[in-house]
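Have a look at the structure below, then the notes.
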Amino acid sequence: MIKLKNLLLLSTFSVSVFAFSQGTFASNKYYSAADNQPNEKEIPSVNINAAKEEVDNGITKMMSDPVLRHANWGFVVYDPVAKKIISSYNETAPLVPASTTKLLTTDTAFGLLGDKFKWKTQLEYKGDIDEDGTLTGNLYIVGSGDPSLGTRKAGAASYTQIVTDYIHAIADAGIKKIKGNIIIQTAVFKVNKSPILPENIVWVEDGSYYLPAGSTADVDPRNEKLIVPAKNPFNETERYFYVSPFTNKMAFADVFDGKNYLSTALPEAPSYLATLLKNSLNKSKLPITGSVINLKTQTTADHRNVLYTYESPTLLDIVHYTNQHSDNALAEAIMRMVGFQKYGDQSVTSGKKAVINHLTNIGFDLNGLNYIDGSGLSHSNTVTPIAQVKFLASRMHESYFKDYFESLPVAGQSGTLRRMFLYGDANGQIFAKTGTLNKVKALAGYIKTKTGKTLTFSLLVNNYAGSVADVKKKMEELLIPTLEL
């Protein structure tokens, strides 16, 4: 309901400050809850009571507007410091959030992996090179589930660029002909220094990474030894690592007697990259006689020679691209990827489970939440506006909040918000994820007010009448007065 009673009783005061004398007064400092406490000497003259009344009046007008009269919509503006709703309507209703769903998906990735996480796709060989430059042995491409591989998104290289670098590395090693296959595999690389490997898989240590050896369903508890917690507990002496199905803690064993099968799905090995490499080698007069073979498990270490290592953009870069461009393919890939990193299973089911597990652990209000996919493409996704704003407020205390915040489009300036709030004070002061589906328009994020506060908001509109342009205009009319709060 509309909360018509004033929530804040503040006296009006007037102090001039240059930073707010401009039409757009964007700042780079919105990164902690402490920043939400403005210095009184820097606050311009604003009547908070009048501003709240104007927002409430805007809600009343929207309720009777022809575009929204029969729509199902909800709205809330929330103060993260006071932990109070400033103004709201229908804030507990489960509504279709469209691409604002990506707020949950990308935050889970940051929380689980960290913003500096990278994927590697490494070219190796094993065998002998004779004096004529003939390699009698195999090439190996060891991937790690890079969601940006070959896409040219977020600074990622194209497949052609990667293959070109691979061929140069092969030639530099003195290889002129290859009598063998191209073996493709999926691994977890040590570079990210994660203290916990994906669950449900026994991993064999092999140089700079861990390869899947089999399923934890086959581990013998008599061989199991618990790992002492550390930043990076892995070392070169133990060989098999896994999350114990008996203690749910990281463990290692000197032997693994299980079968080389998996009960879960690995990220797709880089088969397209391998096929392109094979064809390009033959065209480049570096013939290879064998074929591309996908080797899913390997029970023993197989030390090889590294020819070239391709590194992905950081997770920070990938999340930034995903939220700025509302990239559905990347969002879905990120969701499946967190499912693998958590449960050792690159599936939609495990991805959804990993996100829900993360949200549960951070205290997300699950009432009304239906998380169907990572991108928000499904009309079956639902969330309440109040859950969104409290979630966004809680992110302000995270160490990665600066990166999360900066991944969001800026009103009138960047990403999917660049064509909204083009004129007036809201330009550069609203930082939010957009969402658009058939008869669904959504916006959720942060507002930097003229009083120096950072507020969170959610505005979800379902089943509206008229055009997308009509509803966007109504959303702007409702949100612009919030800058005075």
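Could you say whether any residue in the range 404-411 is at pLDDT 95 or above and touching an Asp or Glu at 6+ places or on another chain (Cβ under 8 Å)? Steps first, please.
Our first condition is that a residue be at pLDDT 95 or above; within the range 404-411, this holds for 404-411.
The next check asks that each one be touching an Asp or Glu at 6+ places or on another chain (Cβ under 8 Å); those that pass are 404.
Checked against the condition, which is being at pLDDT 95 or above and touching an Asp or Glu at 6+ places or on another chain (Cβ under 8 Å), the range 404-411 yields at least one hit.
Just a yes or no: is a residue in the range 200-220 assigned to a helix (DSSP H, G or I), in contact (Cβ under 8 Å) with a residue 24 or more places away in the chain and surrounded by fewer than 18 Cβ atoms within 10 Å (Cβ to Cβ)? There is at least one residue in the range 200-220 that is assigned to a helix (DSSP H, G or I), in contact (Cβ under 8 Å) with a residue 24 or more places away in the chain and surrounded by fewer than 18 Cβ atoms within 10 Å (Cβ to Cβ). Scanning the range 52-103 for residues that are within 28 Å of Val319 (Cβ to Cβ) and aliphatic (A, V, I, L, M) gives Val76, Val77, Val81, Leu95, Val96, Ala98, Leu103. Just one of (1) at pLDDT below 95; (2) touching a Lys or Arg at 6+ places or on another chain (Cβ under 6 Å) fails for Gly137. It is (1). Check whether at least one residue in the range 148-162 is crowded, with 23+ Cβ neighbours inside 10 Å, under 23 Å from Arg304 (Cα atoms), among the β-branched types (Val, Ile, Thr) and in the same structural domain as Ile288 (by TED's automatic domain parsing), and report yes or no. Among the residues of the range 148-162, not one is crowded, with 23+ Cβ neighbours inside 10 Å, under 23 Å from Arg304 (Cα atoms), among the β-branched types (Val, Ile, Thr) and in the same structural domain as Ile288 (by TED's automatic domain parsing), which makes the answer no.
If I filter the range 359-369 for residues that are within 15 Å of the chain's Cα centre (by Cα) and touching a residue at least 12 places away in the same chain (Cβ under 8 Å), do I get at least one hit? Don't jump to the end; show me each part of the working.
First, pick out the residues of the range 359-369 that are within 15 Å of the chain's Cα centre (by Cα): 359.
If we keep only those that are touching a residue at least 12 places away in the same chain (Cβ under 8 Å) as well, we get 359.
Looking through the range 359-369, at least one residue is within 15 Å of the chain's Cα centre (by Cα) and touching a residue at least 12 places away in the same chain (Cβ under 8 Å).
The values are calculated or read from the model by the stated rules, or taken from the named source; none is laboratory data. Not measured: the values here are computed from a predicted model. Positions of Cβ are backbone-derived with ideal geometry, glycine not excepted, and every protein chain shown enters the neighbour counts.
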